[in-house]
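Scroll down for the structure; my scribbles are underneath it.
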Amino acid sequence: MRLGDADDRADHRRNRRPPRTRAEATITVQDSTAEPFDQAAGPTLMEVRIRETFSGDIEGDSTVRALQMLRKDRSACMVSLQRVRARLGGRQGTFVLQGAETVADGEIKATWSVVPGSGTGELEGLRGEGGFEGRSEKGLAGRWTTGSSDRRHSRGWFRR
């Protein structure tokens with residue numbers, strides 16, 4: 001992820017594309033479930049379902065479907081798709097994020113990107129990438145229903 005506004009303005013002049021905009025949001029997990037689908041040998045394979053809300057530069061909600069590999073030490077890796085219904089930069093619409101997440105020693109790291117062609121409404125043509133890092137006492141597997149206790153701060157760059 002590039003973090004320089006000057007680099008972005010130069011990229012805009014060279015390519016005649018709109019400059020990228022930085023967006024930050026707090027993600028609150030409203031509900032999640034994890035169901036094993038293969039425990040035959042080695043790490044457990046899980047299907048994870050999550051409902052989240054976003055507040056900040058991104059205001060809205062999403063549903064996530066993910067596949068996870070959970071090790072005995074509670075470390076994990078996960079790939080995900082989620083449809084976000086939100087207002088971003090004053091524009092309303094939906095878009096799909098493709099993510100990759102890891103958990104090790106209680107630390108979660110996630111990266112994501114907007115799936116090309118997934119934007120709708122005023123977010124049609126949206127592109128971007130970002131992610132978050134934070135503590136995860138429960139690992140990626142488990143069930144959350146507390147809403148306020150599982151918050152993550154996400155940051156990303158978007159271009160339309």
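A Cβ distance below 6 Å, combined with a sequence gap of six or more or placement on separate chains, defines the contacts here; from the range 117-137, residues that are closer than 12 Å to THR94 by Cβ reach residues that are among the hydrophobic types (A, V, I, L, M, F, W, C) in the pairs SER118/PHE95; SER118/VAL96; GLY119/PHE95; GLY119/LEU126; LEU123/PHE95; LEU126/PHE95; LEU126/VAL114. Here VAL79 meets each of (1) modelled with pLDDT of 95 or more; (2) touching a Ser or Thr at 6+ places or on another chain (Cβ under 7 Å) with one exception, condition (2). Return a yes/no flag: does the range 74-86 have any residue that is closer than 19 Å to ALA34 by Cβ, of a type in the set (S, T, N, Q) and part of a strand (DSSP E or B). Scanning the range 74-86, I find at least one residue that is closer than 19 Å to ALA34 by Cβ, of a type in the set (S, T, N, Q) and part of a strand (DSSP E or B), so the answer is yes. On the basis of being surrounded by fewer than 19 Cβ atoms within 10 Å (Cβ to Cβ), among the aliphatic types (A, V, I, L, M) and modelled with pLDDT under 90, does ALA40 make the cut? When the stated conditions are applied, ALA40 passes them. More than 21 Å from GLU59 (Cβ to Cβ), in a loop (DSSP other than H, G, I, E, B) and more than 13 Å from the chain's Cα centre (by Cα): does that describe GLY117? Here the answer is yes, as GLY117 does meet what is asked. Quick one: is ARG49 surrounded by fewer than 16 Cβ atoms within 10 Å (Cβ to Cβ), within 14 Å of the chain's Cα centre (by Cα) and at pLDDT 90 or above? When the stated conditions are applied, ARG49 passes them. Candidates are the residues of the range 63-114 that are among the polar types (S, T, N, Q) and over 9 Å from the mean Cα position of the chain (by Cα); the one that is surrounded by the most Cβ atoms within 10 Å (Cβ to Cβ) is GLN68.
The values are calculated or read from the model by the stated rules, or taken from the named source; none is laboratory data. Just so it is clear, the structure is predicted and the values come from calculations on it, not from any experiment. Note: ideal-geometry Cβ built from the backbone for every residue, glycine included; neighbour counts use all protein chains shown.
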